[in-house]
Structures are given as C-alpha cells and as structure tokens.
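To start, the structure under review is shown below, and the notes come after it.
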C-alpha cells in the first residue's frame with residue numbers, strides 16, 4: 001500500500017497528470033499534509049465532509065487518500081452539472097470544504113457565499129506552499145477510516161449520495177483498496193491510465209485500487225481518442241478503464257490510425273457503466289485482442305460480476321458471473337426468487353456485509369434497496385441463465401409500460417445503434433392516451449447523414465427486422481447531440497421531461 005511503497009519505492013513515479021508528478025514518497029508526504037490540514041479545520045475532528053470540484057489532476061487522488069487517513073468523507077463533484085445541481089450536492093452532502101481548481105473557483109465561491117460554515121480552497125501554487133509549511137499528520141493506523149460519498153449520476157432524477165461501508169480502521173481501509181484491486185485483476189503490474197472524469201467512481205477508484213498495488217497512475221486531463229492511443233503505447237499502459245462511447249469513437253478513427261496502433265503491454269481494458277453493443281465489442285476484441293474485461297456493478301455495491309473476452313465470446317451479451325463475494329439472482333414483483341431465464345429485478349447478496357451501502361440521509365430509499373440484510377438492488381432488471389451468467393435487460397427506472405407490457409429500452413437501443421446512420425440513440429416512453437406509453441427514439445446522426453422523414457422511415461424499417469413489433473419505436477426525434485454523461489450513461493430525463501412536463505406524472 002501507499003506507505004509501504006513510500007519506504008520501498010520512494011523515488012518511483014506514483015501519479016502524474018501531464019503537468020504535475022508525484023513520486024510515492026511525495027504522494028505519501030502530501031497525503032499526510034492534506035490530512036493535517038483537514039483535521040485542523042473546525043468540525044473535522046472525525047467524520048467531517050469535504051468536496052472536490054476540479055478537472056482531472058493529481059490532487060484528486062491525493063484528497064481521496066487523505067480523506068481515508070484523516071477519517072473524513074470525500075465527495076468528488078460532477079463538474080458537468082449545472083451550478084444549481086452542484087449547489088444541491090454541496091448542500092446535501094454537508095460539505096464544509098470545497099477543493100477547487102481555477103476553472104470552478106468563482107462558481108464555488110458564489111455557492112459558499114451564503115454559507116459561513118463552508119470554505120473554498122483553491123489548489124495550486126498557494127496551497128502547495130501552505131502544505132509545505134504544515135506539519136505532516138501522524139497517521140494512526142488503528143483510528144477510524146474515512147471514505148467516499150460519491151453521488152450517482154442522476155440520469156433519471158436528483159443525484160443521490162452513496163455511502164459505502166467503510167472498514168473499521170485506516171490500516172484496514174488501505175489494505176482493502178489493494179484487495180479490491182486484486183479481485184478485479186488490477187494487480188499493479190504496470191501503469192494505469194485514467195481516461196474519464198475523476199468525479200466518477202469507476203475511473204477514479206479503479207486507478208486508486210491499482211495504485212494501492214503499486215501501479216503508477218497516468219491521468220488524461222480530458223478524453224481524446226488519438227491521445228489515448230498514444231499514451232497506451234508510449235507509456236506502456238497495462239490497465240485502463242473505458243466506457244462504451246469511447247470504444248465507438250475509437251472505432252471511428254481513420255483506418256490508417258487504427259492499423260498503426262499496437263500496445264503489447266496492454267493487459268486489461270475494464271469496461272462497464274453502460275450497455276455495450278455486441279458489434280462494438282466484437283470489433284474492439286478483433287482490433288485489440290482478448291484484453292477487454294467487462295464488469296457489472298454500481299457506485300453502491302462496487303463490482304458484482306466480471307467476464308473476460310474469451311468467456312464473453314462464448315456467451316455474448318452477458319455481463320459475466322458473480323464474483324466470489326456475491327450471489328446474483330432475479331426476483332419477481334412479489335419479491336420471490338425467479339427461476340433461470342426469467343426477467344426480474346436483479347439482487348446481489350453480499351457475503352461480506354449486511355449493509356454494503358446506504359443513501360445519505362435517506363433511510364427510506366436505503367431500506368427500499370434491501371430485500372433482506374446483505375441483499376440489495378441497484379435498480380437493474382435482467383435474468384440469470386442456467387450457467388449462472390447474468391444478463392441485463394435495463395434499468396427499472398427506464399422501463400416503458402405500454403398496454404401493460406414491459407419494454408426495456410436498452411435492447412431497442414442496441415439494435416438501432418447498428419444502423420449505419422446512427423451515431424447515438426436513446427429510447428424512452430412518452431405519454432399515449434390509449435396505451436399509457438409509447439416508444440420514442442431520440443437519435444444523434446453520424447457525420448455525413450442529415451435528418452429527414454425518409455431516413456427516419458429507413459431506421460424504423462431496420463428496427464422492425466430485428467425487434468418484435470411492440471418494441472419498435474412509434475416515432476423518432478433527431479437531436480444535434482444526446483445529453484450523455486461522460487460515464488456513458490444517458491441523461492434520459494432530459495429527453496423524457498419535455499413530453500411529461502404537463503402530465504403531472506412520469507409514467
């Protein structure tokens with residue numbers, strides 16, 4: 001873990017972001033100094049709360065680790081949110097400190113202006129100087145550990161703060177980072193590349209887990225397809241996390257660029273957070289080889305299933321089988337466990353904890369997520385096949401009910417995505433006086449295609465070839481750009497709300 005590498009590998013690079021670099025010794029030292037700064041803050045004796053509102057920088061990782069050793073809760077904030085939404089997260093979390101970079105400093109100061117208990121701290125040269133003058137925190141490894149409270153992306157409503165169960169001591173928490181990494185193949189065998197925004201749990205924490213096993217972290221300040229390929233090669237990256245939209249953009253690169261790519265050191269390409277089209281996955285495996293490692297899980301319960309490329313090719317469409325710490329099964333509306341092959345709400349049974357997570361200050365929502373102690377759902381619908389492989393249908397919150405029939409948009413989206421004119425697609429239900437809801441598709445076209453009634457008819461005809469009639473969209477909206485979260489999730493409510501605003505209901 002961090003303090004072992006401080007002793008054994010002090011001068012090796014631990015983390016870099018293209019502008020700033022920290023060795024393992026420097027990272028450990030700065031974490032102690034950040035911890036001292038936190039514990040000196042009024043109200044931060046134990047269990048205080050602070051937020052991070054900044055673009056991808058080394059300080060993001062430093063503050064996550066500092067929160068653990070100082071016994072504090074840490075919330076990285078999605079900088080793509082509107083100011084009102086960011087204000088909500090800061091207020092809801094009870095953050096008393098907001099660490100910001102220059103880009104978001106003025107916004108944070110506006111938000112904190114009427115809250116005397118909340119202070120804004122700008123990262124950069126002035127803070128670095130202040131940290132250099134602080135006596136480093138004397139870490140008590142037997143003291144209670146801090147942890148993350150990361151907010152879900154809020155694709156169907158207000159984001160929710162998720163408090164994962166925290167190991168009892170600082171030592172246990174740091175050891176747990178390494179243990180989780182090893183469980184998903186992040187064994188520190190080589191550099192780990194962060195490609196996505198570090199406010200999201202997946203790219204941030206997968207990198208932290210790998211780093212806890214000794215992997216240096218290389219941070220991309222922002223996503224760029226060709227730069228990602230260059231870093232994979234030049235930095236001999238071993239592990240990386242992608243979301244499906246990144247694969248789609250990589251596959252659209254010029255054929256000469258793709259043909260020239262070779263990364264023999266690349267061992268594991270984790271992906272999840274959103275459904276992936278089978279054709280996209282086949283193309284990526286054909287291009288990069290059997291290095292893709294798909295997972296299913298969430299901010300709430302972490303990684304619950306895993307499947308490598310060879311296994312996926314033999315069982316296409318699945319998200320794998322449950323990891324040893326979990327059992328996954330489907331239940332019906334009556335709460336009774338369903339047999340193999342039947343679609344229902346997916347539940348995970350944890351063998352580690354009776355309460356793996358809770359929603360911040362929302363005991364009702366927390367209680368509704370548990371079927372019994374240790375058995376929780378994150379709102380996904382699907383089934384388990386005879387061999388124990390988990391298959392996702394959709395999010396329950398996305399489900400369309402038309403004429404009493406359940407329709408799952410993810411299946412429809414994967415079909416429409418195969419049409420050559422379609423760059424991105426979202427499917428949702430809109431009001432229908434006869435059927436309750438009807439199926440609507442919102443489509444972002446690929447470059448070179450123009451919206452027209454004729455093209456809409458072609459896409460719908462294509463969908464009819466591959467879907468049951470009741471699943472085919474009744475209409476299409478062409479959008480300049482779909483509101484997609486950088487994690488790959490679609491902000492479906494931004495598309496649905498325009499149709500439901502005057503109905504007084506959402507379904």
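If we scan segment 456-477, do we find a residue that is surrounded by 13 or more Cβ atoms within 10 Å (Cβ to Cβ), farther than 28 Å from residue 347 by Cα, within 22 Å of the chain's Cα centre (by Cα) and not assigned by TED's automatic domain parsing to the domain that holds residue 77? The answer is no, given that none of the residues of segment 456-477 is surrounded by 13 or more Cβ atoms within 10 Å (Cβ to Cβ), farther than 28 Å from residue 347 by Cα, within 22 Å of the chain's Cα centre (by Cα) and not assigned by TED's automatic domain parsing to the domain that holds residue 77. Filtered by the rule that a residue be over 22 Å from residue 248 (Cβ atoms) and modelled with pLDDT under 90, segment 439-484 gives 468, 469, 470, 471. Taken over segment 140-152, the criterion of being buried (at least 20 other Cβ atoms within 10 Å of the Cβ) and in contact with a helix residue (DSSP H, G or I) (Cβ under 6 Å, 6 or more places away or on another chain) is satisfied by 145, 146, 150, 151. Checked against (1) within 27 Å of the chain's Cα centre (by Cα); (2) surrounded by fewer than 18 Cβ atoms within 10 Å (Cβ to Cβ); (3) over 16 Å from residue 128 (Cβ atoms), residue 19 passes all but a single condition, namely (3). If the condition is being crowded, with 18+ Cβ neighbours inside 10 Å and farther than 23 Å from residue 33 by Cα, then segment 109-139 contributes 111, 112. Being in the same structural domain as residue 228 (by TED's automatic domain parsing), touching a helix residue (DSSP H, G or I) at 6+ places or on another chain (Cβ under 8 Å) and surrounded by 19 or more Cβ atoms within 10 Å (Cβ to Cβ) is a property that residue 263 has. Among the residues that make up segment 404-417, is at least one of them loosely packed, with under 15 Cβ neighbours inside 10 Å, assigned by TED's automatic domain parsing to the domain that holds residue 357 and either within 30 Å of residue 359 (Cα to Cα) or in contact (Cβ under 8 Å) with a residue 40 or more places away in the chain (or both)? No, the conditions are met nowhere in segment 404-417. Beta carbons closer than 6 Å, at least 6 apart along the sequence or on distinct chains, pair a first residue in segment 8-19 that is farther than 21 Å from residue 197 by Cβ with a second that is assigned to a loop (DSSP other than H, G, I, E, B) for 13/216. Looking across segment 20-41, just one residue is farther than 13 Å from residue 67 by Cβ and either modelled with pLDDT under 95 or outside the structural domain of residue 62 (by TED's automatic domain parsing) (or both), and that is 40.
Residues in segment 122-146 that are in contact (Cβ under 8 Å) with a residue 40 or more places away in the chain and under 16 Å from residue 51 (Cα atoms): 123, 146.
Residues that are touching a strand residue (DSSP E or B) at 6+ places or on another chain (Cβ under 8 Å) and either outside the structural domain of residue 381 (by TED's automatic domain parsing) or part of a loop (DSSP other than H, G, I, E, B) (or both) were ranked within segment 302-332; the one that is surrounded by the fewest Cβ atoms within 10 Å (Cβ to Cβ) is 332. Within segment 338-348, can one find any residue that is closer than 26 Å to residue 92 by Cβ and either out of contact with any helix residue (DSSP H, G or I) (no Cβ under 8 Å at 6 or more places or on another chain) or assigned by TED's automatic domain parsing to the domain that holds residue 167 (or both)? Scanning segment 338-348 turns up at least one residue that is closer than 26 Å to residue 92 by Cβ and either out of contact with any helix residue (DSSP H, G or I) (no Cβ under 8 Å at 6 or more places or on another chain) or assigned by TED's automatic domain parsing to the domain that holds residue 167 (or both).
Just one of (1) surrounded by fewer than 19 Cβ atoms within 10 Å (Cβ to Cβ); (2) at pLDDT 95 or above; (3) not in a loop (DSSP other than H, G, I, E, B) fails for residue 347. It is (1). Does residue 196 qualify as being in contact (Cβ under 8 Å) with a residue 40 or more places away in the chain, farther than 30 Å from residue 143 by Cα and touching a helix residue (DSSP H, G or I) at 6+ places or on another chain (Cβ under 6 Å)? Yes: the conditions hold for residue 196. All of 136, 191, 168, 144 fail the test of being within 23 Å of residue 57 (Cβ to Cβ) and out of contact with any strand residue (DSSP E or B) (no Cβ under 7 Å at 6 or more places or on another chain), apart from 136. Checked against the criterion of being over 18 Å from residue 163 (Cβ atoms), surrounded by 24 or more Cβ atoms within 10 Å (Cβ to Cβ) and not assigned by TED's automatic domain parsing to the domain that holds residue 234, segment 42-52 has no qualifying residue. Summed over segment 355-378, residues that are over 23 Å from the mean Cα position of the chain (by Cα) and surrounded by 12 or more Cβ atoms within 10 Å (Cβ to Cβ) total 1. If you take the residues of segment 57-102 that are assigned to a loop (DSSP other than H, G, I, E, B) and surrounded by 23 or more Cβ atoms within 10 Å (Cβ to Cβ), which of them is farthest from the chain's Cα centre (by Cα)? Only one residue tops the list, namely 71.
The values are calculated or read from the model by the stated rules, or taken from the named source; none is laboratory data. Predicted model, so just to flag it, every value in this text is computed and none were measured. All Cβ positions, glycine included, derive from the backbone under ideal geometry; neighbour counts span all protein chains shown.
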